[in-house]
Amino acid sequence: MMKILLIGEKNELNDTVVDVLSTQPDFSVESCPPSTFPEKLGNGAAKDLDILIADLTAFDTKPVETIINLKKLGLDCALLAVHVYTSAHFIEPLLKAGAQGYLPSATTKKEMMEAIEKLSHGDKYPLF
């Protein structure tokens with residue numbers, strides 16, 4: 001069972017991500033806003049987490065800073081960042097900061113599944 005946690009505010013993007021991933025066999029998907037994420041960590045929800053999807057638009061910090069802060073938590077899982085960026089100029093710093101993958105907010109189901117598949121095998125997404 002692949003365990004996925006989505007951090008983000010309740011919005012159309014996050015509802016779509018949860019809906020798409022919840023229909024996949026062998027996927028366990030939870031979501032929470034950034035404000036309750038530390039509480040979820042304390043309750044053990046992040047234990048055995050395979051992929052953390054972070055909607056970077058939901059955080060009060062700059063996207064690169066958010067990635068760095070999430071990586072400092074020492075989670076042993078892949079980090080998939082989601083933001084409105086579509087230019088490699090803005091995406092590459094997120095990957096350098098520690099995200100293993102990136103998707104634009106206006107992603108397709110196919111792209112989402114491709115990214116999850118790549119990250120679940122230890123690969124990065126996208127490949128620049």
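The values are calculated or read from the model by the stated rules, or taken from the named source; none is laboratory data. Quick caveat: nothing in here was measured; it's all calculated off a predicted structure. Methodologically, a virtual Cβ is constructed for each residue, glycine included, from the backbone with ideal geometry; neighbour enumeration extends over all protein chains shown.
Structure data summary
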| quantity | calculated |
| --- | --- |
| Number of the exception - F90 against (1) over 16 Å from K71 (Cβ atoms); (2) at pLDDT 95 or above; (3) in contact with a strand residue (DSSP E or B) (Cβ under 7 Å, 6 or more places away or on another chain) | (3) |
| Complete set of residues in segment 62-81 that are more than 17 Å from P126 (Cα to Cα), outside any helix (DSSP H, G or I) and modelled with pLDDT of 95 or more | K62 |
| Criterion violated by G74 - all others in (1) on the phi > 0 side of the Ramachandran plot; (2) of a type in the set (G, A, S); (3) under 14 Å from the mean Cα position of the chain (by Cα) satisfied | (3) |
| Scan of segment 28-60 for residues that are of a type in the set (D, E) and modelled with pLDDT of 85 or more, ordered by number | E30, D50, D55, D60 |
| Candidate set from segment 31-40 (those that are surrounded by 15 or more Cβ atoms within 10 Å (Cβ to Cβ) and either out of contact with any Asp or Glu (no Cβ under 9 Å at 6 or more places or on another chain) or hydroxyl-bearing (S, T, Y) (or both)); member that is farthest from S105 (Cα to Cα) | F37 |
| Answer residue from segment 89-128, given it is of a type in the set (K, R) and free of Cβ contacts under 8 Å to residues at least 40 places away in the same chain and is nearest to D19 (Cα to Cα) among those | K110 |
| Positions within segment 89-107 being surrounded by 12 or more Cβ atoms within 10 Å (Cβ to Cβ) and outside any strand (DSSP E or B), in sequence order | F90, I91, E92, P93, L94, L95, A97, G98, A99, Q100, S105, T107 |
| Residue within segment 7-27 that is modelled with pLDDT of 90 or more and surrounded by 16 or more Cβ atoms within 10 Å (Cβ to Cβ) present | yes |
| Inter-residue pairs, beta-carbon under 7 Å, first over 11 Å from S31 (Cβ atoms) and in segment 8-20, second in a helix (DSSP H, G or I), 6+ apart | V20/K109; V20/M112 |
